[in-house]
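Just so it is clear, none of the values below were taken in a lab; they were calculated from the coordinates. Keep in mind it's a predicted model, so treat the numbers as computed, not measured. Cβ: placed from backbone, ideal geometry, glycine included. Neighbour counts: every protein chain shown.
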C-alpha cells in the first residue's frame, strides 16, 4: 500500500499517568501499538499484543489470533472511515500489579487534512507473560 507516512509521535498528548516500573514498562507497549497502527504495520501491531487477544467493541467480543487481519484490512478501514492517523489524547494507568496494568486511554482518529473523525475512550489491559509485556485485552467505544 502506498501512502505518505508522517510521524505524528510529537503530536500525542502528554497527559500520561504511569509510575516508574511496571506501569512505564507496560506503557511502552501501548505506545508501540499506536506507532505501528499509524505506520499501517500489522506485524508491529501484533508484536504489541499477546494472543489470543480480546477486543470488546462494536457490540461484540472478538477473540483475535495472530494474523487475524485480512490483507486489505487498512484499505477497507480507510475507505470506510476516511482515517489517516490516530493520536493519544491521554494514557493513564489506573490499576497495576507487578505483572498487569489497566490503562484508561483515549485516542482520536484524524483524516489526512487534520480534521478529527472522532475520539474514543478505552480500557486496555497490558500483561507481563513469559517475560514480555503485551496488550492482552481492549474495550473501546471505537468501531
Hey, any hits in the stretch 100-114 for a residue that's touching a residue at least 60 places away in the same chain (Cβ under 8 Å), more than 13 Å from the chain's Cα centre (by Cα) and part of a loop (DSSP other than H, G, I, E, B)?
no
Residue list for the stretch 36-87, restricted to those being loosely packed, with under 14 Cβ neighbours inside 10 Å, in contact (Cβ under 8 Å) with a residue 60 or more places away in the chain and part of a helix (DSSP H, G or I)
75
Assess whether residue 93 counts as being assigned to a strand (DSSP E or B), in contact (Cβ under 8 Å) with a residue 12 or more places away in the chain and buried (at least 16 other Cβ atoms within 10 Å of the Cβ).
yes
Can you spot a residue in the stretch 72-84 that is under 16 Å from the mean Cα position of the chain (by Cα) and within 21 Å of residue 125 (Cβ to Cβ)?
no
Assess whether residue 33 counts as being surrounded by 15 or more Cβ atoms within 10 Å (Cβ to Cβ), within 11 Å of the chain's Cα centre (by Cα), closer than 14 Å to residue 140 by Cβ and in contact (Cβ under 8 Å) with a residue 60 or more places away in the chain.
yes
